[in-house]
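Input: a single structure, listed below in structure tokens.
Coordinate-derived values only; no laboratory data. As the structure is a prediction and not an experimental result, all values here were calculated from the model. Here the Cβ is made from the backbone with ideal geometry for all residues, glycine too, and neighbour counts use every protein chain on show.
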Amino acid sequence: CFLSSGRDHFIEMMSPCILVLLCVSLAHAITEGDISLGVERNWIASIEYKLDSETNTCAGVLLNQRWIATSARCMDAFSITEAGDWQVTLGIRDLNDETDVQKSNIDTVVVNPDYNSNTLVGNVALIRMQEDAKFENTLIGIIEMASDANAFPDGTPCWVQGWGKLGWSELDVPWPLLQEANVHVMENTVCSQYWPNNNSSGGIAATDICTGSRAGAYPPHVTPFPSLCGLWDEGAPLSCQIGGSWQLAGLGSWHGQRCGIDNPPVYTRISSYRSWINSVISLG
């Protein structure tokens, strides 16, 4: 069982039986996920702010040999002025084990011009690495961007990955082992019932996509939604397999205060920004 230092003092005062139960509980996080150690869904990137001990700051998705998509809010949270303040790590699953990973500095950061830090519309940014991704590493791959907003109807099974917090409380900390959870697309009209005051028109924008823990009608929900949790999951990939091909449906954008207990997580819908992304990438 892996125990984070943030809870060690608390754990030492507990009985062995309770400790075993807690270890099982901690292993289920993005939240409500499981450890991801295989080579499948190998397009996630760790984005690291160099001025913060080069620790994982948020997540991103490798789109081709040089470009990574992530959350604009990740860049905004640190008042980005210099691309050189950042680096990315590819092929990593355990943040405490950098064996055979690829690190690259960044030479360009492009934030979507429609990004609004209040509504989180346009919550997507692009990062250009200084060197090409090394695809001979089986833990490094790319994913195709979704082009059709209607490709993911209600109930479509997908996967979300990330290194976010284990839960919503102040005792919870980011988890060093990559987590993933099987989720299902939730219709925006249903998701809006959980977020009625989200924007000026109420509910979830067409440029966003939500997920739940299972297919079927909501609300009410019986169990917590597998959810993003904290800045570390911003930019995390929502990947769906359509016709045998993996497609990037969304990027982790925002979540409820209690990380899936009360509200489903919300992602930036990639198909809404594909044209802009392609226009930036085409410039080199």
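Given R₀ = 35 Å, what would the calculated FRET efficiency be for Glu40 paired with Thr108, taking r from the Cβ atoms and rounding to 0.05? Walk me through the numbers before you get to the answer.
On the way: r = 29 Å, r/R0 = 0.84.
So, using R0 = 35 Å, E works out to roughly 0.75.
For Glu136 and Ser245, what does the FRET efficiency come to when R0 = 25 Å and r is the distance between their Cβ atoms, rounded to the nearest 0.05?
0.65
For a quick check: sort Thr89, Thr55 by the number of other beta carbons within 10 angstrom, fewest at the front. Provide the component values of the computation, followed by the final result.
Details: Thr89 17, Thr55 13.
Taking fewest neighbouring Cβ atoms as first place, the list is Thr55, Thr89.
Mind checking the full-extension length gain between Ala206 and Asp85? Use 0.36 nm per residue of separation minus the Cα-Cα distance, one decimal, nm.
Details: separation 121, 0.36 × 121 = 43.56 nm, distance 3.32 nm.
Extra length available between Ala206 and Asp85 comes to 40.2 nm.
What list of ³J(HN,Hα) values in whole Hz, one per residue of region 143-153 in order, does the Karplus curve 6.51 cos²θ - 1.76 cosθ + 1.60 (θ = phi - 60°) give from phi, with Gly and Pro shown as x?
9, 6, 6, 5, 10, 10, 5, 8, 6, 10, x
Show the residues, 5+ positions off or on another chain, whose built amide H is closer than 5 Å to the amide H of Cys58.
Placed amide hydrogens put Ile47 under 5 Å from Cys58.
What order, most packed first, do the peptides 179-186, 91-98 have when packing is the mean number of other Cβ atoms within 10 Å of each residue? Intermediate results must be reported in sequence, preceding the final value.
Details: 179-186: 23.6, 91-98: 16.9.
The packing order, highest mean first, is 179-186, 91-98.
Ile242's amide H: which non-local residues (gap 5+, or another chain) put their own amide H closer than 5 Å, with H modeled 1.01 Å from N in plane and none for Pro or chain starts?
Gln247
Taking 0.36 nm per residue of separation and subtracting the Cα-Cα distance, what length does fully extending Asn278 through Ala77 add?
Working: separation 201, 0.36 × 201 = 72.36 nm, distance 2.48 nm.
Full extension from Asn278 to Ala77 adds 69.9 nm.
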